[in-house]
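Each remark here refers to the structure printed beneath this line.
The values are calculated or read from the model by the stated rules, or taken from the named source; none is laboratory data. For clarity, every value in this text was computed on a predicted model and none was experimentally measured. Here the Cβ is made from the backbone with ideal geometry for all residues, glycine too, and neighbour counts use every protein chain on show. Note: areas computed on protein heavy atoms with side chains; ligands, DNA, RNA excluded. Shrake-Rupley method; radii C 1.70, N 1.55, O 1.52, S 1.80 Å.
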Amino acid sequence: MGTSGRVLNKAILIGARVFLRLPTRSDRAEFIALNRASTRFHSGLVSPPTTPEQFATFLQRSNREDSVCLFICLAATGAIIGTINLSQIFRGGFQNAYLGYYVGALYAGQGYMTEALQLTLRYAFDHLKLHRLEANVQPGNLASIALVKRAGFVQEGYSQRYLKVCGRWRDHERWAILAEDWKSNRGR
């Protein structure tokens, strides 16, 4: 088996340049190093795990029934470049989840998150059979707003002091996409 075969054998979803896989305990050092190297880039937007204790909490949360947490990895090397997750997955009449994501500073602006989001949407709507995904984005995070727009999300509202991020309550724009809208836009 070649290098790419060994790298991709853990993949849940495979794209052209990235694949998504579940996190494991053995990822601790690599993931913490990525996040520490991206501290300034993430400032005010997200507080990813930067200590072994925070990583342990992250791993516990990723194993809950109401969430799916995936690492975004480079297809060529298997290196972890970010994470994307579906949390608070509601079933029954709602069939909804909240989307969260972040990428390491070295990998931003290169289209990796766009590809990872498309893979996640396919997983959410085709595999999990969800009806709706919601992403809450800070108004100043223009790259993230552009990302969800490209993916077909529509803005549904604005929530003042909606989420506590990096120790402060922050306003967020509420963006969402429905399964049927995603499916009809895939052909474009």
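Return the loop-located GluC sites (Glu not before Pro) in segment 62-170 (DSSP other than H, G, I, E, B) with at most 15 other Cβ atoms within 10 Å of their own Cβ; answer none if there are none.
Sparse-neighbourhood loop GluC sites (Glu not before Pro): E65.
Heavy atoms only, probe 1.4 Å: what % of the accessible area of the chain goes to carbon and sulfur, would you let me know?
Carbon with sulfur: 52 percent of the solvent-accessible area.
Could you work out the relative contact order of segment 47-188? I mean the mean sequence separation of Cα pairs under 8 Å and 6+ apart, divided by the number of residues, in percent.
16
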